[in-house]
Amino acid sequence: MTVLRKITGRDEFAALIIRTAFGDEAAWQAVVADLAQPWGDEGEYEADVHLVDDPAWAGATPSDVVAAVRADEDLSVVFLADSVTMQCAQRGLLALAVHDEDADLDPVHDQELIGDPPPREFRTVPAGVHTVHANLSIANMDFEDFAEAALTDPDGVFRSFS
């Protein structure tokens, strides 16, 4: 496992975006521009993101990233701008669940609660990052709700619920 730098200065309300692919600067700038757009039904909310654009994260795997950010108890999801993000037209970022919701279950006593493991990742367009982050931050929805919505999309990417 790669040892990654600690992320500092993130406001707990800002979506965390980590760049792990550094081969296409123009694609990254397009992602950043999309993430900066106001969001909501009528663009009533200002975008609030914390961008990590540090080559030390180049090539970091989803497992590496989750391990590095897991200590942040206020963080429920992290978004990666990886090589797939940079290559696909919709710039789908990889959303990763930070904490394992079933981690506190005892396999002996809570066996009936443990079924198939919930999805731990899905892709979302940059405009979807804010919806996902906001709803997970206030526990309005579960990570699984967004992952299932992504699965219903022909490209496997969460766009919105509308």
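Could you tell me how many of the residues in segment 66-112 are assigned to a helix (DSSP H, G or I) and either surrounded by 11 or more Cβ atoms within 10 Å (Cβ to Cβ) or at pLDDT below 55 (or both)?
The first filter runs over segment 66-112 and keeps only residues assigned to a helix (DSSP H, G or I), leaving 66-69, 83-87, 111-112.
Restricting the remaining residues to those that are either surrounded by 11 or more Cβ atoms within 10 Å (Cβ to Cβ) or at pLDDT below 55 (or both) gives 66-69, 83-87, 111.
Matching residues across segment 66-112 total 10.
Go over the candidates Ile17, Ile7 one by one and state the one that is modelled with pLDDT of 95 or more and either under 17 Å from the mean Cα position of the chain (by Cα) or under 18 Å from His130 (Cα atoms) (or both). Explain how you work it out, then say what you get.
Numbers: Ile7 fails: modelled with pLDDT of 95 or more.
Exactly one of Ile17, Ile7 is modelled with pLDDT of 95 or more and either under 17 Å from the mean Cα position of the chain (by Cα) or under 18 Å from His130 (Cα atoms) (or both), namely Ile17.
Go through segment 24-57 residue by residue and tally those that are small (Gly, Ala, Ser), surrounded by fewer than 16 Cβ atoms within 10 Å (Cβ to Cβ) and modelled with pLDDT under 95. Before you say what the answer is, go through the steps one by one.
The first filter runs over segment 24-57 and keeps only residues small (Gly, Ala, Ser), leaving 26-27, 30, 33, 36, 40, 43, 47, 56.
When the remaining residues are screened for being surrounded by fewer than 16 Cβ atoms within 10 Å (Cβ to Cβ), the result is 26, 30, 33, 36, 40, 43, 56.
Add one more test, that the residue is modelled with pLDDT under 95, and what stays is 40, 43, 56.
Result for segment 24-57: 3.
Taking segment 1-13 as the search range and keeping residues that are surrounded by fewer than 17 Cβ atoms within 10 Å (Cβ to Cβ) and not charged (D, E, K, R), which one is nearest to Ala68 (Cα to Cα)?
Here the answer is Val3.
Scan segment 12-44 for residues that are touching a strand residue (DSSP E or B) at 6+ places or on another chain (Cβ under 7 Å) and in a loop (DSSP other than H, G, I, E, B) and jot them down.
Correct list: Ala14, Thr20, Ala21, Pro38.
Identify all residues within segment 28-43 that are out of contact with any Pro (no Cβ under 7 Å at 6 or more places or on another chain) and either of a type outside the set (A, V, I, L, M) or closer than 20 Å to Glu121 by Cβ (or both); write none if there are none.
Across segment 28-43, the qualifying residues are Trp28, Gln29, Gln37, Pro38, Trp39, Gly40, Asp41, Glu42, Gly43.
The values are calculated or read from the model by the stated rules, or taken from the named source; none is laboratory data. Small disclaimer: the values here were computed from a predicted structure and weren't measured. All Cβ positions, glycine included, derive from the backbone under ideal geometry; neighbour counts span all protein chains shown.
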